[in-house]
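The values are calculated or read from the model by the stated rules, or taken from the named source; none is laboratory data. Keep in mind it's a predicted model, so treat the numbers as computed, not measured. Every residue, glycine as well, gets a Cβ built from its backbone with ideal geometry; the counts of neighbours run over all protein chains shown. Side chains are part of the model used for accessible areas, which takes the heavy atoms of the whole protein and leaves out ligands, DNA and RNA. Shrake-Rupley method; radii C 1.70, N 1.55, O 1.52, S 1.80 Å.
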Amino acid sequence: KSYDKAYFVGTNPQESGEIQASLIGKMWKEHPEWDLNKDGVIDFVLLKGEPGHPDAEARTKYVVEKLNADGIKTKQLQLDTGMWDAAKAKDIMQAWLSGTSGKNIEVVISNNDGMAMGCLQASNYPAGVPIFGYDANADAIEAIGNGKLSGTVSQNVDAQATATLQVLRNLLDGLTGEDVYTKGISVADKYGNKIT
């Protein structure tokens, strides 16, 4: 808002957290062995992106709220800021696993794939503990295929790129205000969600 020539195309951050929660909830129900203490509660740790960043704040808040709203009980064991960085996430995860709550971690939730992949690099990461990321990066997709990462959420970068180009076209055509975002833009992802 401080610069009237700046435009943003991205995903809805609340929806991002909710989609990740739906994925986690679905897989939690499919894998009763993940519930290590058999109490029906997801004992999780969460790696958050940059503090104050709208995506990090919303993904962190709404992933838990959606799980709870869907009837899945959760217990947060740890939360730390990984700043979207794999090396920082690796160090945080190693510290968590060495601490008192390390053996109780049932699910790792990460605000992005970079930090999720960093967790896998922790020297003491226990096999079989599920990790969920966000971005659907190529390395994360490969890790899912290899059974190392449990899931990720796509931001549909192709649709965002298309919408960004349409915004640029609208600006070049002299459109202003909300028209920049709405004229000619009808980009839908494979799930039917409109990118606006």
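Listing for the model above:
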| item | result |
| --- | --- |
| Filtered residues of region 48-92 (kept if more than 13 Å from the chain's Cα centre (by Cα), under 21 Å from GLN121 (Cβ atoms) and touching a residue at least 40 places away in the same chain (Cβ under 8 Å)) | ALA89, ILE92 |
| Those residues of region 159-175 which are without any contact (Cβ under 8 Å) to a residue 24 or more places away in the chain and touching a strand residue (DSSP E or B) at 6+ places or on another chain (Cβ under 9 Å), in sequence order | GLN166 |
| Residue check, ASN104 open to solvent by less than 10 Å² (accessible area, probe 1.4 Å) and among the polar types (S, T, N, Q) | no |
| Check on THR100, within 25 Å of GLY40 (Cβ to Cβ) and outside any helix (DSSP H, G or I) | yes |
| Failed item, numbered, when GLN160 is tested on (1) assigned to a loop (DSSP other than H, G, I, E, B); (2) touching a Gly at 6+ places or on another chain (Cβ under 7 Å) | (1) |
| Where MET117 falls short, out of the listed (1) in contact with a helix residue (DSSP H, G or I) (Cβ under 7 Å, 6 or more places away or on another chain); (2) in a helix (DSSP H, G or I); (3) open to solvent by less than 30 Å² (accessible area, probe 1.4 Å) | (3) |
| Considering residues of region 155-189 that are of a type in the set (Ser, Thr, Tyr) and out of contact with any Lys or Arg (no Cβ under 9 Å at 6 or more places or on another chain) only, the residue surrounded by the fewest Cβ atoms within 10 Å (Cβ to Cβ) | THR176 |
| In region 164-187, the residues that are modelled with pLDDT of 90 or more and within 19 Å of PRO13 (Cβ to Cβ) | THR164, VAL167 |
| Selected residue (only one of TYR62, TYR7 is of a type in the set (Phe, Trp, Tyr) and at pLDDT below 95) | TYR7 |
| The listed residue being closer than 18 Å to LEU23 by Cα and small (Gly, Ala, Ser), out of ALA140, ALA95, ALA122 | ALA140 |
| Test: SER2 is surrounded by 21 or more Cβ atoms within 10 Å (Cβ to Cβ) and polar (S, T, N, Q) | no |
| Residue within region 121-141 that is in a strand (DSSP E or B) and in contact (Cβ under 8 Å) with a residue 60 or more places away in the chain present | yes |
| Residue match in region 92-99 (condition: touching a helix residue (DSSP H, G or I) at 6+ places or on another chain (Cβ under 9 Å), modelled with pLDDT of 95 or more, under 23 Å from ASP39 (Cα atoms) and not acidic (Asp, Glu)) | yes |
| Residues satisfying the stated conditions in region 13-60, i.e. in a loop (DSSP other than H, G, I, E, B) and either in contact with a Ser or Thr (Cβ under 9 Å, 6 or more places away or on another chain) or open to solvent by less than 70 Å² (accessible area, probe 1.4 Å) (or both) | HIS31, ASP35, GLY40, GLY49, GLU50, PRO51, GLY52, HIS53 |
